[in-house]
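The values are calculated or read from the model by the stated rules, or taken from the named source; none is laboratory data. Because the structure is a prediction, the values reported are computed rather than measured. A quick note on method: Cβ atoms are made from the backbone with ideal geometry, for glycine too, and the neighbour counts reach across all protein chains shown.
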Amino acid sequence: MPDPRVRRIRPEDVDAVVELVYALAEYERALPECHLTAPQLHTALFGEAPALFGHVAEVDGAVAGFTLWFLNFSTWRDTHGIYLEDLYVREDQRGSGLGKVLLATLAAECVAKGYHRLEWSVLDWNPAVGFYRALGAQPQDEWTVHRLTDEPLHALAKEA
């Protein structure tokens, strides 16, 4: 039976989720890189063709944690999977089981839809690494994430 504290994000949750995204950015020591606004997130989640999805965890009627995720695709597994972009639980709620319930909800989504992967990235210094490994998550040490942003992204686009 699903945990009643976790549900899909609704439009009225957007402001609270944006606030928690900024808390996550601060926790990850990357606050200057975060530019998300409530209208942007609302459009991404509830616009004409949403490609972003999410869940919130509530405690005493207030949003205490969230996930934001999107579908990816594995050509080797021949199916979609979920890429977890963000998972965050308010500091005062850590250790309460909300993080595990949020991840379990995404795992259940994968199983129900026939997806074969639930993936995410975590900073090496984040203490949650131990929690993830205890769940059975395996680090993909042989893979290195690469990213193009800002000027290098625009420079490469000019070559198209």
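The set of residues from the range 4-43 being within 12 Å of residue 86 (Cβ to Cβ) and not in a loop (DSSP other than H, G, I, E, B) comprises 17, 18, 20, 21, 22, 23, 24, 25, 27, 41.
In the range 143-156, the condition of being within 29 Å of residue 78 (Cα to Cα), of a type outside the set (Phe, Trp, Tyr), at pLDDT 90 or above and exposed (fewer than 10 other Cβ atoms within 10 Å of the Cβ) is met by no residue. The conditions of being surrounded by 19 or more Cβ atoms within 10 Å (Cβ to Cβ) and either under 12 Å from residue 17 (Cα atoms) or basic (Lys, Arg) (or both) are not met by residue 98.
For residues in the range 44-88 being part of a strand (DSSP E or B) and among the hydroxyl-bearing types (Ser, Thr, Tyr), which is surrounded by the most Cβ atoms within 10 Å (Cβ to Cβ)? Steps first, answer last, please.
Step one: list which residues in the range 44-88 are part of a strand (DSSP E or B), which gives 53-59, 62-74, 79-88.
The next check asks that each one be among the hydroxyl-bearing types (Ser, Thr, Tyr); those that pass are 67, 74, 79, 83, 88.
Working: 67: 26, 74: 13, 79: 14, 83: 16, 88: 24.
Among those that are part of a strand (DSSP E or B) and among the hydroxyl-bearing types (Ser, Thr, Tyr), it is 67.
Filtered by the rule that a residue be farther than 26 Å from residue 125 by Cβ and of a type in the set (A, V, I, L, M, F, W, C), the range 28-55 gives 38, 41, 44, 45, 46, 49, 51, 52, 53. Only one of the numbered conditions (1) farther than 27 Å from residue 97 by Cβ; (2) modelled with pLDDT of 95 or more is violated by residue 76, and that is (2). Taking every residue in the range 97-126 that is within 27 Å of residue 142 (Cα to Cα) and pairing it with any residue that is of a type in the set (Asp, Glu), at least 6 positions away or on another chain, the pairs with Cβ-Cβ distances below 7 Å are 123/28. Annotation: of all residues in the range 40-83 being free of Cβ contacts under 8 Å to residues at least 40 places away in the same chain and within 14 Å of residue 12 (Cβ to Cβ), the one that is farthest from the chain's Cα centre (by Cα) is 61.
For the range 104-117, give me each residue that is in a helix (DSSP H, G or I) and either modelled with pLDDT under 90 or of a type outside the set (Gly, Ala, Ser) (or both). Once the filter is applied, which keeps residues that are in a helix (DSSP H, G or I) and either modelled with pLDDT under 90 or of a type outside the set (Gly, Ala, Ser) (or both), the range 104-117 yields 105, 106, 109, 110, 111, 113. Considering the range 118-135, and only residues there that are assigned to a loop (DSSP other than H, G, I, E, B) and either hydrophobic (A, V, I, L, M, F, W, C) or touching a helix residue (DSSP H, G or I) at 6+ places or on another chain (Cβ under 7 Å) (or both), the residue that is surrounded by the fewest Cβ atoms within 10 Å (Cβ to Cβ) turns out to be 125.
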